[in-house]
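Working notes for the structure below.
The values are calculated or read from the model by the stated rules, or taken from the named source; none is laboratory data. Computed from a prediction, not measured in an experiment: that's the story for all the values here. Neighbour counts run over all protein chains shown; Cβ positions are idealised from the backbone, glycine included.
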Amino acid sequence: MVDPKQLGNRIKALRINNHLSQEKLAENAGLNGKYLGEVERGKANISILNLSRLADVLHLPLLSLLTMEHERSREMLISELTDLLGVVDDRQLKIIYRIVEAVAR
């Protein structure tokens, strides 16, 4: 289950990272600004349709709003990454390696 407060914090952080005011994000998503403020504070429930609208404006897949990767521990991320690496082919693994190597430097 997604905690409304965590989800609201996630939406707010993404909004700020995209240099959008609360009003502009709400307008672009076809939502009321006051309602978005309540969502960001975890005081209002949000429908999947409205989450999808926000994800579109933020240029993100809907699932990334709900998975809360940023809330996971380092150990959990490493474990999940290891599981994912087990199903990629050799070409994909080499690409992933180069990406991780570039980021780690």
* Within segment 38-53, which residues are surrounded by 12 or more Cβ atoms within 10 Å (Cβ to Cβ), under 12 Å from Leu7 (Cα atoms) and out of contact with any Asp or Glu (no Cβ under 6 Å at 6 or more places or on another chain)? -> Glu38, Val39, Glu40, Arg41, Gly42, Lys43, Ile46, Leu51
* Candidates Arg74, Arg53, Arg98 - the one that is basic (Lys, Arg) and within 30 Å of Glu23 (Cβ to Cβ) -> Arg53
* Structure fact -> Apart from one, (1) in contact (Cβ under 8 Å) with a residue 24 or more places away in the chain; (2) on the phi < 0 side of the Ramachandran plot all hold for Thr67; the odd one out is (1)
* Asked: Taking Ile99, is it of a type outside the set (D, E, K, R) and modelled with pLDDT under 90?
  -> no
* Asked: Do we find a residue being over 17 Å from Leu62 (Cβ atoms), assigned to a helix (DSSP H, G or I) and of a type in the set (A, V, I, L, M) anywhere in segment 23-39?
  -> yes
* Structure fact -> Pairing a residue in segment 93-105 that is surrounded by 10 or more Cβ atoms within 10 Å (Cβ to Cβ) with any residue that is part of a helix (DSSP H, G or I), where Cβ atoms lie under 8 Å and the two sit 6 or more apart in sequence or on different chains, gives Leu93/Leu85; Ile96/Leu85
* Please work out if Leu31 is in contact (Cβ under 8 Å) with a residue 60 or more places away in the chain and surrounded by 12 or more Cβ atoms within 10 Å (Cβ to Cβ). => no
* Asked: In segment 40-56, how many residues are in a helix (DSSP H, G or I) and in contact with a Gly (Cβ under 8 Å, 6 or more places away or on another chain)?
  -> 2
* Inspect all residues belonging to segment 70-86 and state whether any of them is closer than 13 Å to Ile11 by Cβ and either modelled with pLDDT of 90 or more or exposed (fewer than 14 other Cβ atoms within 10 Å of the Cβ) (or both). => yes
* **Boolean, Leu14 is modelled with pLDDT under 95, surrounded by 14 or more Cβ atoms within 10 Å (Cβ to Cβ) and either in a helix (DSSP H, G or I) or touching an Asp or Glu at 6+ places or on another chain (Cβ under 7 Å) (or both)** => yes
* If we keep just the residues of segment 57-69 that are surrounded by 12 or more Cβ atoms within 10 Å (Cβ to Cβ) and not in a loop (DSSP other than H, G, I, E, B), which is modelled with the lowest pLDDT? -> Thr67
